[in-house]
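The values are calculated or read from the model by the stated rules, or taken from the named source; none is laboratory data. Just so we're clear, the structure is a prediction, and the values are computed from it rather than from any experiment. Methodologically, a virtual Cβ is constructed for each residue, glycine included, from the backbone with ideal geometry; neighbour enumeration extends over all protein chains shown.
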Amino acid sequence: MTRRLRPSRLRRALLYSGLGVLFAGAIAGGAVSGFVETLGPAPLGDQVEMSPIVVDREGRLLRPYTTKAGRWRLPATVADVDPRFLDVLLAYEDKRFYAHPGVDPLAMLRAAEQLATQGHIVSGGSTLTMQVARLLEPRPRSFEAKARQIVRAIQMERKLGKQQVLSRYLTLAPYGGNLEGIRAASLAYFGKEPRRLSLGESALLVALPQSPEERRPDRSPKAAQAARDRVLDRIAGSGVFSNAEIARARLEPVPHARKPMPILAPHAADDAVAAAPETRIHRLTIDKRMQARLEQLAKERADRLGPDISVAMVALDNATGAVLARVGTPDYFDKRRAGQVDLTRAVRSPGSALKPFIYGLGFEDGAIHPATLIKDKPVRFGAYAPENFDMSYQGTVSIRRALQLSLNVPAIAVLDAVGPERLVARLGEVGTPLELPPHEKPGLALGLGGVGVTLSALTQGYSGIARQGSVMASYERQDQPVPAPKRLISPVAAWYVADILRGAPPPENGLPGRIAFKTGTSYGYRDAWSIGFDGARTIGVWVGRPDGAPVPGLVGRLSAAPILFDAFARTGPVTPLPPAPDGVLTASTAELPRPLQRFTTDPVTAGSTEQALRILFPPNGASLELSGDLNGALDPVPVKISGGTPPLTVLVNGAPIDLRRPSQAVFFAPDGPGFTRVTVTDAAGHADSVLVRLQ
């Protein structure tokens, strides 16, 4: 039905249109410069409050937030919009947009003529620039308001230029309810960014700002469809679109409800906004595609495991430490699973997941090798008697097999040798702090999970093994300063650990030898873990109840490991691990130096005539200053040894060095500044070790 104007309103509309034409001409001729000066500078929209948005490493939207006034107002530029939408917008609203100076007198005259001859509004005379001016300075309709819009439009065109004016319109145009701007409207009505809009979708979004409340698709879908079709009728004669395209656009359905706004990486987004609440755009290191895939995987597996079970995941870039994905819960809005609690930051018991670090220190000390034999049998360390998970024992096994099978007794024996305090200190130094109960000192029980750690911190520690012993601090915000890497264990020790874990038997859904991984199960079946890595990324998985209650049958190998292997399968091809560094010793047990063939911690017996094996120089904890020649070659570092049963073996950061004259000091070539572990073993299996800093 055609809307006709009453005579009084018709005369007023004609008057406004005619005066608008005259006023625009007067401005162009400088006849009303005094009036222009009284208005002052035009508002350019720079101070308009925008919705805070969180974007991924490529600038893709992860999560928007409403403004303080509760409006969805997302910034948009011409580059953010489908070119076809712009074609429809200009063909319908402002055909001469790129030709006029902000005001189009021809359009005003045309609108006045149509109004006079037909008695109803056929097309408006306001340009897009004038509409932006009205949005920035809303006022009741009057000739003064129209004059103000004309002035502001010309001022904005001169100050901003066409592209910026168009971007202001794309950001501020009203779309009904609390939606402003094309991005908010496209996300709310079509569930997608406006970069790829169909012709029908474009026509609907062009039609809505003229009467946003009357034409809201979620409340008046018929009115919205009628308005869309009028836009299609208007542009049919523009020559931009074919009749066939117009016909197909008419058949497109109109949405009847709003869709939820995107909400990927909600915990990471919340953290970013809380850390800088005044920032408009928060740029994270997260990869949107990887995040979406892992969130979907977490939801699928949690639903399969039960309504009270939650799943958390963290994915890190080995090269930089950047967080590629962080899944705090399977469903942010699931109250039963405490969805808004970020379980990647929850302190939980790691079970056996610390064993790779224990063996890594043993390799670094030169006390063990992957082929070293160790006894897996009942043993007591003072009052502590560890037992294997299945309550059985394997007898004598290699270190490689002990770690791959996650045997408890051998791991505790090695921990006893390297020292639990040292394990806690080393992990804490690289950003993987272990939390002990109040007033409790590190003991051997921490090797089997008697300690607390977060998934984020533990995954960061594993990434250090993937990087051959060097840990990059993980970070999530792109503007976050990244400190220099810190040494966890020696490159040789890290390679030994990674090589062993790559050979661990995979779960039923995995192929052997593709990734290095370890599982863990906490006491009482409360936490199931699986952390793995390839040459490019490290992924950690935690499964359990948010409230810490036990779950019968919750085991890392059965619950978490299958999720880990699926996570790698869904996030890209596996990248090979780095090649072996210098100093790696590939040998069978029989080919090892005698002290490395079998692990023992038996002390020298009291009353023995044998002198205790000791490293006299350098002393443990010493700092040594490096020196060298003019060509940059570093002088060798001396090591003085006393006692022990020949032959002796000296290892520097896990790599053996030639020891031809054991009665005198030996020398090793330093790699450069940093911490160096020097270890000596003798034929009886005794050992001494020092850690020194070269600078």
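One residue stands out among those in the range 559-579 that are under 17 Å from Glu295 (Cβ atoms) and not in a helix (DSSP H, G or I): the one that is farthest from the chain's Cα centre (by Cα), which is Gly572. Of the residues making up the range 355-407, just one is of a type in the set (S, T, N, Q), over 26 Å from Leu488 (Cβ atoms) and part of a strand (DSSP E or B), namely Thr396. Quick one: Arg326 ticks every box in (1) touching a residue at least 60 places away in the same chain (Cβ under 8 Å); (2) touching a Lys or Arg at 6+ places or on another chain (Cβ under 9 Å); (3) not hydroxyl-bearing (Ser, Thr, Tyr) bar one, so which box is it? Among (1) touching a residue at least 60 places away in the same chain (Cβ under 8 Å); (2) touching a Lys or Arg at 6+ places or on another chain (Cβ under 9 Å); (3) not hydroxyl-bearing (Ser, Thr, Tyr), Arg326 violates only (2). Among the residues of the range 658-682, those identified as at pLDDT 75 or above and either outside any strand (DSSP E or B) or over 43 Å from the mean Cα position of the chain (by Cα) (or both) are Val666, Phe667, Ala669, Pro670, Asp671, Gly672, Pro673, Val680, Thr681, Asp682. If the condition is being among the small types (Gly, Ala, Ser) and over 15 Å from Pro573 (Cβ atoms), then the range 513-531 contributes Ala516, Gly520, Ser522, Gly524, Ala528, Ser530. Restricting the range 35-52 to residues that are surrounded by 11 or more Cβ atoms within 10 Å (Cβ to Cβ) and not in a loop (DSSP other than H, G, I, E, B), which is modelled with the lowest pLDDT? Looking at residues that are surrounded by 11 or more Cβ atoms within 10 Å (Cβ to Cβ) and not in a loop (DSSP other than H, G, I, E, B), I get Phe35. Could you please let me know if Pro438 is out of contact with any Ser or Thr (no Cβ under 7 Å at 6 or more places or on another chain) and modelled with pLDDT under 95? Taking the combined requirement at face value, the residue satisfies it. Scanning the range 269-311 for residues that are in a loop (DSSP other than H, G, I, E, B) and charged (D, E, K, R), which turns out modelled with the highest pLDDT? Restricting to residues being in a loop (DSSP other than H, G, I, E, B) and charged (D, E, K, R), the top hit is Asp287. You will find that of Gln155, Gln149, the residue that is under 21 Å from Tyr92 (Cβ atoms) and of a type in the set (S, T, N, Q) is Gln149 and no other.
Restricting attention to the range 629-642, the residues that are touching a Lys or Arg at 6+ places or on another chain (Cβ under 8 Å) and over 24 Å from Phe363 (Cβ atoms) add up to 1.
So that you can scan it fast, the table gives a plain yes or no per residue for (1) surrounded by 12 or more Cβ atoms within 10 Å (Cβ to Cβ); (2) aromatic (Phe, Trp, Tyr); (3) modelled with pLDDT of 55 or more; (4) not assigned by TED's automatic domain parsing to the domain that holds Ile182:
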residue	(1), (2), (3), (4)
Leu14	yes, no, no, no
Ser33	no, no, no, no
Ala91	yes, no, yes, no
Val103	yes, no, yes, no
Ala116	yes, no, no, no
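Of all residues in the range 183-222, those being within 27 Å of the chain's Cα centre (by Cα) and in contact (Cβ under 8 Å) with a residue 60 or more places away in the chain number 10.
Criterion first (closer than 25 Å to Phe389 by Cα, surrounded by 24 or more Cβ atoms within 10 Å (Cβ to Cβ) and hydrophobic (A, V, I, L, M, F, W, C)) does Ile515 satisfy it? Yes: the conditions hold for Ile515. Restricting the range 604-621 to residues that are assigned to a loop (DSSP other than H, G, I, E, B) and at pLDDT 80 or above, the residue that is nearest to Pro647 (Cα to Cα) is Leu613.
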